[in-house]
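Trainee: Structure below; questions to follow.
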Amino acid sequence: MSSQHPLPNTQQPSDVYGGDEVSALVLDAGYCHTRAGFAGEDVPKSVLPSFYGSLKTGDGDAATYRDIFGDECLIPRADFEVKNYMSRAESIVEDWDAATKMWEHVLIKRLQPEKPTPPSKNGLNDPVPDGEGDVAMDDVEDQEKPLAESPLLMTEAPWNTGKAREKVIEIAMESWGCPAFWLSRTPVLAAFAAGKASALVIDVGGANTSVTAIHDGMVLKRSIQKSPVGGLWLSGQIRSMWDNNDPKIDIVPSYMVENKTPVDAGAPAQAKLRKFPYEISQSFRTYEEERLVTEFKESVVEVWRGPGRYSNPGNEDIVRSQPGRVFEMPNGSNQMWREQRFRVSEGMWDETAALPAAESITKAQTIPELIKAAVNAVDVDLRPNLLGNIVITGGTSLLNGFGDRLNNELMAMYPGMKIKIHAPGLTTERRFSAWLGGSILASLGTFHQMWISRKEYEENGAGIVEKRCK
Amino acid sequence: MASHDVRDVLNLPHDGAARPAKKLKTNVPRPSLKGLAREVQNLGGDNPIAIVPEISSFKKRRFGSRKPAARWELRPFRNSARDDQSLHLRHWRKQTEDQARTQESQSGENGAEQESKSEQLDDSTFAKFNVQVDIPQYSDDQYNSNLISRYWTKDETDYLFGLVRDFDLRWPLIWDRYEYKPKPPEQARNGEGAGSMDPRTAVMPAGRPRSLEDLKSRYYEVAAKMMVVQKPVQYMTQPEFQLHEMMANFNPVAETQRKKFASDAMSRSREEAQEEELLLIEVRRILARQERLNQERRELYHRLDYPQTEQDISAFKSSAGLATLLQNLMNVDKTKKRKSLMEANGVNTPASAHPSDRLGHPNSTPISENRRESIAASSTGHRDSIGGSERPERPAKKGPQPAPKKLSEQEEHIYGVVHHDRLPSGPTFRYERINKILTTKSNAQHQRITNTLAELDIPSRLNMPTRAVVEEMEKLLASIGVLLDTRKLSDKLDAEIKLEKAKKAEREKTMAPAQTGKAAESAKVNGDAKKDGVNGTHSTNGDSTSAATAEKTNGDVPATNGSTNGETNGNSDTTANGDGAAPGDKGVRPGSSSNNRKRSVSVLSGISDKSSKRQKK
Ligand SMILES: Nc1ncnc2c1ncn2[C@@H]1O[C@H](COP(=O)(O)OP(=O)(O)O)[C@@H](O)[C@H]1O
Ligand SMILES: [Mg+2]
């Protein structure tokens, strides 16, 4: 009888895709976002801004700081600073204490199921400290190691330093007690997410843009190119444009606006601003402004698709004749954007078109030059294959027209070569592709022989990460 | 809440709007209820009869065959591909019965079981995919005796091999990560300078920059040499040898050049690329045209040329083989006549392919010979030729068999082509033909013939029975036969003459007259006997002369004239005979003996003629 009614859900998971889930965790830390989730899933369970809040209690020398993590706790507060644990220039960890706490927060607090804790410790009986936000777990140490069950795969920038890598494995093994650990570079994982073992990965992220050649699942170190031309740089361009706009546009983030009345395009805003009984720190304001700018990027900014540069004669006239886009600021002021929305992003491709901003860039930092440099740094025999397998990833690559422009630039640079760009259409895939690649990798049956096990770490020390995660 | 209120809430118009939708619904075919006559159903009109069918199967299945839910467990497993076997990851697997039981029994026991448990763990099914690349290794001694290089230190070679192992021979990665820093000189490390110099700030001698080709050529050099050390070239299997050759012949210069070309090709401009594309198309067109031209030319040649056989012709060298060939060709001819229309373009037909089918086999010999040769060559070291000349070309497909060409007289002679009217069936030996002539004779005659041959110094069994020799031998034997016959006859006549003489003497004693009539009678008898016994042409000569002499002389005293005449005649005949046989025999016997024999033959025939003349008298 039972053979006539096979129940599909009780069958062994099929190994068709080579998967073998071992409930591993995957953590991808970027300058803008930190993403964490379970291997084998297609989106990270938890995506937090890499910015965190630092609350000050007490005054002067007696002041103590408490870090709070999560988007929902980045709100106007007294004595509150917003910080980032990553370095702006490198997209690698700068503040290790904050990084550890941040990661613990995402990996343990957000991903792990709540374990029953004794009532004395479960916090229910304590006086409620603040009511909002998540509190960093100070008492991680005296618990049983929190990640003793889960292998952990983490990502890093391809130019990460050896010291930083050793530090990471130390934290994972010593503080969290991971049974197994692996460190992989973001472009490699982005290539995996695109289903490629060899690719030229163009990652246009938050703080940096990087171009890296991947061969057989490994980074070709000589090809790594890095430039500050990323999301934040583009934000700088937008600010510069707003500053020089006529009329000058004041950046008023949403949190400052209590109410607004609609006004005509170009008319001055009519809004009532909120008053706070305490001082709002500049860092918080900048963070909030960045949110606004990102919104503008997402909805207005576009990349001139080519062929040729935007500054070529005639192009701007074409754009002017086309319908523009209206953007309404949180305070109600609004304006139509036409040619400007192309001009802001042009600096990524053509350094002469970049608007004057705090960060000026050189020719070598533009995306086409990065690609050229990266391709020239690999063996000739690999180049055709790389150009036929270009993967674009990173949040800023979601700009409208980015892929088309890139294709046009490449065609102009390498005429007669076959150029194929892999650009996932799903925004999640583009934003999380490094995480996704990690998720795929960590759930592969063949990957399990790669993990650095606890024993190996104990025998060889932190240096093993350099030897194994090449 | 009435529908009116709902509309109000949803801000819908108060009438219409929703109605048409309802009406539409009626058009939708109603689910037909089983077990209810159509007429009955139609009674309901637009409003279907509200009968809820009883579906029992759903419930039945749900509760009827219920099995306890499968148990799943988080089961640890090991991975034998790992260096470190202590890592036991866990995955969800369906629990089997016995495992559930063992777990229950084990749950009460302590950790002593733990050790043995790790042995029982399943291995990961993916462990088998872990393949290792085989990287040659060398000892210090081997390095010093074989691998020392002017450009590479042992240290750097070690470093290279380490990288090769780490990156499983993926050259782009090896080159990418190649960062060899030569060790600081000895004295700097342990000498007096060590104190003053921080080893990190000390100036390191910079390693020479290595191109990918440098790395490859060093690796291949070492790998090839180590291969030879492990197994000398002559014992290598074919793939091993090929690998060795490939590695030993790695040419970094050519590689570099090729890469330069490749990078040039990449960095050309759009116009150049387009131009090149056009040129390529042009080249392709030219090549195609050339191909067509060649094809046409080949066809033309086929029509003009005599058959160029690619096959072994040894099968046709014997007369039997030739006969079959002729048979085949005649068949082809016949079929050709029959379907000359179809044949017009000379396409392969079964008949024309026939001879080449038969010839397919002899090819095996040349191959094996070739192989033996190549094996012999391999031991001396160069086996490069193998690839090219391994197989004698076998016609890829059987082309149209060209029509046979008529041979001229001379060619026929050269190729030994003979036309027979009839052939005995089956193969025969030529000397058998000679033997047959001998064995058909009576024993005494056989004896006599062999005696005669012995007299002539000719072996009764031919050493070299070529066609010509056999023919001459046949003629000789025929002559001998004639000779023997003639001798027999002459002996008989001699005896008769003797008898007659004795009678005559007796009669003379009694009565002397009537001499002439008797002599004429005897001459007549003589002529008759001649006509009976002789069929060879050469003896007719002697016959006529002797007849003439008999007529002329008509006397009892033999004329010396006639006898000499006969002798010269016979002599010239037999000489001609001997000459004919000479070319065949010359190869076997020394020339002098053949001369002797010739002489002896002529002498003999002279003698025999003389004796025959003597008879006549
Ligand atoms: N749709 C979008 N259009 C343009 N820029 C975007 C879009 N979505 C996100 N971004 C930008 O992408 C950046 C974040 O990219 P991300 O790849 O997450 O960075 P990181 O990996 O460094 O954390 C931010 O600067 C953000 O402004
Ligand atoms: Mg990133």
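The values are calculated or read from the model by the stated rules, or taken from the named source; none is laboratory data. For clarity, every value in this text was computed on a predicted model and none was experimentally measured. When we count neighbours, we look across all protein chains shown, and the Cβ atoms used for this are built from the backbone with ideal geometry, even at glycine. For the accessible areas, the whole protein counts, side chains as well, though only heavy atoms, and no ligand, DNA or RNA atoms are used. Shrake-Rupley method; radii C 1.70, N 1.55, O 1.52, S 1.80 Å.
Trainee: Spin-label point model (7 Å from Cα, Cβ direction): what's the B:ILE148 to B:GLU179 distance in nm?
Mentor: Placing both labels 7 Å beyond Cα along the Cβ direction yields 3.3 nm.
Trainee: For A:ASP20, enumerate residues with amide H under 5 Å from its amide H, sequence gap 5+ or separate chain, H modeled in the peptide plane.
Mentor: Correct list: A:LEU444, A:GLY445.
Trainee: Rounding to the nearest 20 debye, state how big the charge dipole of chain A is about its Cα centre with +1 on each Lys and Arg Cβ and -1 on each Asp and Glu Cβ.
Mentor: Working: 50 positive and 65 negative charges, 303 e Å.
Roughly 1460 debye, rounded to the nearest 20.
Trainee: From the protein chains alone at 1.4 Å, what is the descending order of accessible area for A:LEU147, B:LEU407, largest first?
Mentor: Result, largest first: B:LEU407, A:LEU147.
Trainee: Moving on. Solvent-accessible area of A:ARG309, probe 1.4 Å, all protein chains present, reported in Å² to the nearest ten, please.
Mentor: A:ARG309 has an accessible surface of roughly 90 Å² with all protein chains in place.
Trainee: Separate question: Anything over 29 Å Cα to Cα? Flag those among A:LYS109/A:LYS196; A:LYS109/A:LYS455; A:LYS467/B:LYS128; A:LYS167/B:LYS216, in the order listed. The partial results should precede the final answer.
Mentor: Values: A:LYS109/A:LYS196 33 Å; A:LYS109/A:LYS455 26 Å; A:LYS467/B:LYS128 23 Å; A:LYS167/B:LYS216 36 Å.
Violating the 29 Å Cα-Cα cut-off are A:LYS109/A:LYS196; A:LYS167/B:LYS216.
Trainee: Restricting attention to the range A:225-268, which trypsin sites (Lys or Arg not before Pro) occupy a DSSP loop and are surrounded by at most 14 other Cβ atoms within 10 Å? Walk me through the intermediate numbers first.
Mentor: On the way: sites: A:LYS226, A:ARG239, A:LYS248, A:LYS260; in loops: A:LYS248.
Qualifying residues, ordered by number: A:LYS248.
Trainee: With solvent modelled as a 1.4 Å probe, how much accessible area in total do chains B and A shield from it at their shared surface, in Å² to the nearest 100? Kindly include the intermediate steps, with their values, before the conclusion.
Mentor: Numbers: alone 46660 and 22660 Å², together 65390 Å².
Chains B and A together bury roughly 3900 Å² of accessible area.
Trainee: In nanometres, what is the gap between the two model label sites at A:GLU458 and B:VAL418, each 7 Å from Cα along Cα-to-Cβ?
Mentor: In this crude label model, A:GLU458 to B:VAL418 measures out at 10.0 nm.
Trainee: If you don't mind, another one. Along the charge dipole of chain A, Cβ charges K/R +1 and D/E -1, which of A:GLY37, A:TRP233, A:GLY308 sits furthest on the positive end?
Mentor: My answer, from the dipole projection, is A:GLY308.
Trainee: Any chance you could run the full-extension gain for B:THR428 through B:MET464? It's 0.36 nm times the residue separation minus the Cα-Cα distance, nm to one decimal. List each step's numbers first, then the result.
Mentor: Details: separation 36, 0.36 × 36 = 12.96 nm, distance 1.50 nm.
Difference between extended and current length: 11.5 nm.
Trainee: Shifting gears a bit: When only the heavy atoms of the protein chains count and the probe is 1.4 Å, how do A:MET86, A:MET336, A:MET256 rank by accessible area, highest first? Mind dumping the intermediate values first?
Mentor: Details: A:MET86 10, A:MET336 75, A:MET256 30 Å².
Per-residue accessible area, sorted high to low, gives A:MET336, A:MET256, A:MET86.
Trainee: Ok, one more. Shielding of B:85-94 by partners, i.e. mean partner chain Cβ atoms within 10 Å per residue?
Mentor: Averaged over the peptide's residues, the number is 6.
Trainee: At a probe size of 1.4 Å, how large is the accessible area of A:ARG285, to the nearest 10 Å²?
Mentor: About 70 Å², ignoring ligands and nucleic acids.
Trainee: Still on this model: So how much accessible area does A:TYR278 have, in Å² to the nearest 10, using a 1.4 Å probe?
Mentor: For A:TYR278, solvent-accessible area is about 70 Å².
Trainee: Moving on. Per-residue Cβ counts within 10 Å, from other chains only, averaged over B:259-268: what number is that? List each step's numbers first, then the result.
Mentor: Values: counts 3, 1, 1, 5, 5, 1, 4, 11, 5, 4.
Other-chain Cβ atoms within 10 Å of each residue's Cβ, averaged: 4.
Trainee: Let me ask you something else. In nm, what is the difference between 0.36 nm times the number of residues separating A:ASN376 and A:ALA62 and their Cα-Cα distance? Display every interim value, and only then the final one.
Mentor: On the way: separation 314, 0.36 × 314 = 113.04 nm, distance 5.59 nm.
Working it through step by step, the gained length comes to 107.4 nm.
Trainee: Which FRET efficiency value, to the nearest 0.05, do you get for B:LYS334 and B:GLU291 by plugging their Cβ-Cβ distance into 1/(1 + (r/R0)^6) with R0 = 41 Å? Please list the in-between numbers first.
Mentor: On the way: r = 37 Å, r/R0 = 0.89.
With a Förster radius of 41 Å, E is 0.65.
Trainee: Students sometimes get this wrong: rank A:GLU346, B:GLU472 by accessible area, probe 1.4 Å, all chains present, largest first.
Mentor: On the way: A:GLU346 0, B:GLU472 40 Å².
Descending accessible area places them as B:GLU472, A:GLU346.
Trainee: Apply the Karplus curve 6.51 cos²θ - 1.76 cosθ + 1.60, θ = phi - 60°, to the phi angles in the range A:176-184 and return the couplings in whole Hz, x for Gly and Pro.
Mentor: Going residue by residue, I get 9, x, 4, x, 8, 8, 8, 10, 10 Hz, with x marking Gly and Pro.
Trainee: Under the classification rounded if a/c is under 1.5, otherwise prolate if a/b is larger than b/c and oblate if not, where does the range A:216-322 fall, given a ≥ b ≥ c as square roots of the Cα gyration tensor eigenvalues?
Mentor: On the way: a/c = 3.08, a/b = 1.36, b/c = 2.27.
Oblate.
Trainee: Same structure, new question: Computed over the Cα atoms of chain A, what is the ratio Rg over Rh, Rh following Kirkwood?
Mentor: Details: Rg = 24.3 Å, Rh = 24.3 Å.
Across chain A, the Cα-based Rg/Rh ratio is 1.00.
Trainee: Taking 7 Å along the Cα-to-C-beta vector as the label spot, tell me the B:SER442-A:ILE318 distance in nanometres, rounded to one decimal.
Mentor: 12.5
Trainee: Once you average over the residues of A:373-383, how many Cβ atoms of partner chains fall within 10 Å of each Cβ? Kindly include the intermediate steps, with their values, before the conclusion.
Mentor: Numbers: counts 0, 0, 1, 3, 1, 3, 10, 11, 8, 3, 3.
Neighbouring Cβ atoms belonging to other protein chains average 4 per residue here.
Trainee: Still on this structure, I have one more. Suppose R0 equals 41 Å; then what is the FRET efficiency for B:GLU500 and B:GLU455 from their Cβ-Cβ distance, rounded to the nearest 0.05?
Mentor: Approximately 0.85, to the nearest 0.05.
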